[in-house]
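The values are calculated or read from the model by the stated rules, or taken from the named source; none is laboratory data. Keep in mind that what you see is a predicted model, and the values were worked out from it rather than measured. With ideal geometry, Cβ positions are generated from the backbone for all residues, glycine too; neighbour counts draw on all protein chains shown. Please note that ligands, DNA and RNA were not included when accessible areas were found on the heavy atoms of the full protein model with its side chains. Shrake-Rupley method; radii C 1.70, N 1.55, O 1.52, S 1.80 Å.
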Amino acid sequence: MTTTSAPVSTNHTTSVHAYDVGLLAIRLGIGLTMAAHGAQKLFSWFDGYGITGTGQGFEQSGYPAGEFMAVLAGLSEFVGGLGVALGALTPLSAAALVGVMINALAVRWGAGWLGSQSGPGLEYEIVLLVTAGGLALTGPGRYSVDAFLPGVRSHRLTYGVAALVLAVVLAFILLLLRD
């Protein structure tokens with residue numbers, strides 16, 4: 001007995017602009033969220049601890065020079081977040097967020113995947129890390145600052161991979177400094 005199947009259509013009905021709008025929404029969500037976290041560290045905005053309070057948290061987590069680490073993390077989140085939101089130098093901006101999230105995961109590693117009655121899990125940090133990494137690889141889309149810059153107008157996968165490798169190497173160097 002032979003069976004015939006209907007031909008499979010490979011035509012996509014979604015327009016390219018729909019992808020660009022989707023990337024814009026993702027960029028704004030993650031970028032502005034991370035920029036706000038950076039503003040908490042740098043400027044004490046949004047009920048943040050500022051550089052001094054955040055620095056004490058870094059020292060309690062085993063990092064040396066807590067205030068320097070607070071400035072480094074705050075700048076990575078604030079500038080990287082704004083860069084992602086605007087779609088400006090997207091591979092590097094997204095990689096800055098990936099580096100921060102690698103360190104955040106390392107500090108909170110024993111928390112488990114999902115939150116429970118004993119406290120929050122790692123799912124938030126993982127979603128931010130994966131989303132930022134995905135943006136570094138895909139690029140920002142047409143509705144971005146990068147779309148107007150000649151050197152980065154056409155996103156290359158190699159730029160994203162190189163930026164992510166840089167982020168991972170720098171993040172692990174910082175992790176080696178922890179007690």
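Quick notes on this structure:
- Leu105 vs. criteria surrounded by fewer than 23 Cβ atoms within 10 Å (Cβ to Cβ), hydrophobic (A, V, I, L, M, F, W, C) and under 19 Å from Leu28 (Cα atoms): no
- Note on region 155-165: residues that are assigned to a helix (DSSP H, G or I) and open to solvent by 40 Å² or more (accessible area, probe 1.4 Å) total 6.
- Candidate set: region 114-140, residues that are surrounded by 15 or more Cβ atoms within 10 Å (Cβ to Cβ) and part of a loop (DSSP other than H, G, I, E, B); chosen: the one modelled with the lowest pLDDT: Gly121
- Residues that are within 20 Å of Ile126 (Cα to Cα) and of a type in the set (S, T, N, Q) within region 28-82 comprise Thr33, Ser61, Ser76, listed in sequence order.
- Every listed requirement among (1) in contact with a Lys or Arg (Cβ under 8 Å, 6 or more places away or on another chain); (2) open to solvent by 60 Å² or more (accessible area, probe 1.4 Å) is met by Leu92 save one, (1).
- Of all the numbered requirements in (1) at negative phi; (2) open to solvent by 70 Å² or more (accessible area, probe 1.4 Å), Ser76 misses one, and that requirement is (2).
- Any pair with Cβ under 7 angstrom, 6 or more apart, that starts in region 35-48 at a residue that is within 9 Å of Gly74 (Cβ to Cβ) and ends at one that is of a type in the set (A, V, I, L, M, F, W, C) and assigned to a loop (DSSP other than H, G, I, E, B): Ala39/Trp45; Ala39/Phe46; Gln40/Phe46
- Test for Val168: is it touching a residue at least 12 places away in the same chain (Cβ under 8 Å), open to solvent by 50 Å² or more (accessible area, probe 1.4 Å) and not charged (D, E, K, R): yes
- Taken over region 21-65, the criterion of being part of a helix (DSSP H, G or I), crowded, with 21+ Cβ neighbours inside 10 Å and not hydrophobic (A, V, I, L, M, F, W, C) is satisfied by Arg27, Gly31, His37, Gly38, Lys41, Thr54, Gly55.
- Residue within region 83-100 that is more than 21 Å from Leu176 (Cβ to Cβ), over 14 Å from the mean Cα position of the chain (by Cα) and outside any helix (DSSP H, G or I) present: no
- Yes/no for Val152 being in contact (Cβ under 8 Å) with a residue 24 or more places away in the chain, of a type in the set (A, V, I, L, M, F, W, C), buried (at least 21 other Cβ atoms within 10 Å of the Cβ) and not in a helix (DSSP H, G or I): yes
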